[in-house]
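Quick notes on the structure that follows.
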Amino acid sequence: MKIKETPLKDCYIIEPTIFEDDRGYFFEKYNQQKFEELTGMNGHFVQDNISKSSYGVLRGLHLQKGEHAQAKLVSCLEGKVFDVAVDLRKDSPTFGKWFGIELTPENKLQLYVPRGFGHGFSVLSETAIFSYKCDNFYNKESEGNVMWNDPELNIDWKLPLEAVQLSDKDKALASFSERNF
């Protein structure tokens, strides 16, 4: 396992060591001990979520606040997504900055999104199956959000505007300047 820093403080790309031969491949998707040793972050996850989405679906930007804040370890099991993390920690040197990365089963990359970050992804393939491990349980009353197309953040979701598909909930998110996080 290799850990690569992103431009955002405490947000990491996880790249597995792959053992491959003519029969196929093997890799360790996650190892808590190695993760904690390489990042210094808590790597204890308590909930796994899977979502399936079609092309153009954009989910985000979401977060959990307060005692229910969640760190996430995300990956794409099928298809291709553009995954985005936004640092919403007011005391962070990278507050208000975002980072995006394509996640696919072929590149086998994962993104560690720490507590206090907004998170979302857009589906770039016909369909995608997206996986995320969370280090805290979901709590509806602790939801925070930022609208996906906030002009202050100016995120390039790698989709044409007319292809974007949003849930009703994601159509009504707060702006970055409203600070609903």
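None of the figures in this text is laboratory data; all of them are computed from the coordinates on show. This one's a predicted model, so the numbers in the text were calculated from it and none came from an experiment. All Cβ positions, even for glycine, are placed from backbone atoms using ideal geometry, and neighbour counts span all protein chains on display.
Brief remarks follow.
- Zone of Met1's modelled label, taken as backbone nitrogen in segment 77-93 under 19 Å from a point 7 Å along Cα→Cβ: 77
- Distances between placed amide hydrogens fall under 5 Å for Thr6 paired with Cys11, Ile13, all partners being 5 or more residues away or on another chain.
- Mean Cα-pair separation over length for the chain, i.e. relative contact order, pairs under 8 Å, 6 or more apart, %: 28
- Quotient of Cα Rg and 2.2 N^0.38 Å for segment 15-112, N being how many residues it contains: 1.22
- Intensity falloff of the chain expressed as log10 I(q)/I(0), Debye formula with alpha-carbon point scatterers, at q = 0.12, 0.18 Å⁻¹: -0.54, -1.24
- Spatial separation of Cα centroids for segment 158-181 and segment 126-145, in angstrom: 16
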